[in-house]
1. Between 0 and 90 degrees, rounded to the nearest ten: what's the tilt of helix 2-11 against the longest Cα principal axis of the chain?
2. Determine, for each peptide in 115-128, 77-90, the mean count of other beta carbons within 10 angstrom over its residues, then list the peptides with the highest first.
3. In what order, largest first, do Ile103, Ile26, Ile9 sit by accessible area if the probe radius is 1.4 Å?
4. Please state the equivalent ellipsoid semi-axes for the chain: what are the square roots of 5 times the Cα gyration tensor eigenvalues, largest first, in whole Å?
5. Using only the heavy atoms of the protein chains and a 1.4 Å probe, how would Trp32, Trp134 rank by accessible area, largest first?
Amino acid sequence: MQQGLGEFIAAHRGRVGLVSLTAPLISNLSVWGNIALVPQYHQNKPEREARAETLGLLGRFGMEQVAERRNAGLTAEERFCTMLLRAAMVANAVLVLDRPFSILTTVRAGHSLADALRKVDDLIAETHIFDYSWETERYGGLDVAAD
């Protein structure tokens, strides 16, 4: 599975927004800083503008109150949503979810994942989920590249 994921990322270089334990949040940045980093770096957005945009996006998840927290102070769901928003900030993003239930450790069913994806649907061009074949039932009909 990791080889297939690596090949997919290489084929879509520059557009991939990766949500994975192999691409963790930056521990010394706040939630808003982790998300705003993408438009600040790739689009040269001023900090104030990137922060305002990020706070609006956190509002989609009802997470404005965690904007100043760092990775260690987040729940699994807050961490996943932060990683999802960071990935969705890539322009014309090809969102890649690498074994999302390894991040969403307290979630048992895919409907929570589908709800989160709907909240950022306008920000992303396409979504691809990579997971093990024995996990596919958890996704409840979402397409999963399984190995």
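1. 50
2. Numbers: 115-128: 15.2, 77-90: 23.6.
In decreasing order of mean packing, 115-128, 77-90 become 77-90, 115-128.
3. Values: Ile103 10, Ile26 65, Ile9 45 Å².
Sorted descending by solvent-accessible area, the residues read Ile26, Ile9, Ile103.
4. On the way: eigenvalues 117, 62, 35 Å².
That gives 24, 18, 13 Å for the three semi-axes.
5. The ranking, largest first, comes out as Trp134, Trp32.
The values are calculated or read from the model by the stated rules, or taken from the named source; none is laboratory data. Keep in mind that this is a model prediction, so the values were computed, not measured. Virtual Cβ from ideal backbone geometry, glycine too; neighbours counted across all protein chains shown. Areas reflect the complete protein model, heavy atoms only, side chains present, ligands, DNA and RNA absent. Shrake-Rupley method; radii C 1.70, N 1.55, O 1.52, S 1.80 Å.
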